[in-house]
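Please read the structure below before turning to the comments.
Please treat every number below as a calculation from the coordinates, not as lab data. The model shown is predicted, which means the values in this text are computed figures rather than measured ones. Virtual Cβ from ideal backbone geometry, glycine too; neighbours counted across all protein chains shown.
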Amino acid sequence: MEAAGSSAPRRAGLRIRQNQKAWSYLRALNSADLRDLNRVAVRDGRCNYTYGSLFHQWERYAAVFTALGMTERQGARVGILGSDCAEVIFAVYGLNMTGAAVSVMAAYSAFNPNRVMQTIRDEKLTDFIFTDDFAQPNLLSALLMRREELGLRNVIYLHVPMGGCAVHPMLGAAQEAKYRNAKGWCAPVCMDTLLSTYGEEPAYFAPRDSSDTAFILHTSGTTGGVGKPVVLSDRAFNAAVSGLAKLEELSPLMESPVSGLIVDLSNVYGLIDQVHLPLSLGGTVAVVPRSRNSASPSFSASMPCLSTG
């Protein structure tokens, strides 16, 4: 594991309240010592993000969302249909900073654009973010053409470059070509452009107390064929990881954990167990490339749940 030693001794005496925003809870736990900010928080195949750079990315995304009115002051409820990647993690916690409610939609929703539209209506979403994997022409055109009818204020294309030792260069080139093509035929609002314009502007920070509707995750849909929304507060997020960290059977894994992100972020097991938990422990989230195979070096270095580094 690529981290600057264990942070466990420095964190042992911390008393961090759970009744605060999820991003604030993580920053409080990982800012006890300047050395904590140099630990690797996210590893995605293309680059490593330390806790210091992770928090900076959250603020850059929050600055964009502030400029677009995607905050709790504007009653924002933002849907995200995205792949498991560092950029979606930045967006989720950046929105948490501005106090917007975040609905992380299941990947299988993309197969049925009408289901996506219905979820936007049912959950009263005000804004929508999607990544390259889901920028299919039928879904993209439906979102942009029916934006006003759906009540969406912003529809944002979050481009995610593909790279790293486990990704064939042709896949990365195809991803870039797809992005250029989408920008050419439908001119979507793109996150990289927004970050260049607003990323260093001041961000709005919502009150740090827990919000009752901070996150909307979704069940797998295996029972009835349609996933059901699961509404969670910041406090529930923080309490869940705090409780897991106290389980005796998991104690050997709690120091310098590495979590392989292999579950859809719309699922509790993905966003809470494989992202919020390791980050709350000063560990590393290893994003497993989508083109992986069982022999891939990136995959073998990333355990299904938690491992000690």
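Determine, at each q value in 0.08, 0.09, 0.16 (inverse angstroms), the log₁₀ of I(q)/I(0) that the Debye formula gives when each Cα of the range 19-308 is one equal point scatterer. With one equal scatterer per Cα and no solvent, log10 I(q)/I(0) is -0.31, -0.40, -1.41. For LYS183, the aspartates and glutamates whose Cα falls under 16 Å of its own Cα, not counting residues fewer than eight places away in the same chain, are ASP132, ASP133, ASP192. Distant-in-sequence amide contacts of VAL102, defined by a placed amide H-H separation under 5 Å and a gap of 5 or more residues or a different chain, comprise VAL78, PHE215, ILE216. Remark: the range 30-45, residue by residue, has Karplus-estimated 3J(HN,Hα) of 10, 10, 5, 8, 4, 5, 5, 5, 8, 6, 6, 9, 9, 10, 10, x Hz, where x stands for each Gly or Pro and the curve is 6.51 cos²θ - 1.76 cosθ + 1.60 at θ = phi - 60°. Multiplying the residue separation of GLU255 and LYS178 by 0.36 nm and removing their Cα-Cα distance gives an extension gain of 23.6 nm.
Computed extension gain for ASN48 through ASN112, at 0.36 nm per residue and net of the alpha carbon distance, reaches 19.6 nm. Taking amide H atoms as placed 1.01 Å from N in the peptide plane, the amide H of VAL189 lies under 5 Å from those of TYR157, each 5 or more residues away in sequence or on another chain. Kindly list the residues of the range 98-119 that lie in the label zone of CYS186, defined by a backbone N under 18 Å from the point 7 Å along the Cα-to-C-beta vector. Inside the label zone: 105-119. Check which residues have an amide H placed less than 5 Å from VAL230's amide H, if you skip close sequence neighbours. For VAL230, the qualifying residues are LEU217, HIS218, THR219.
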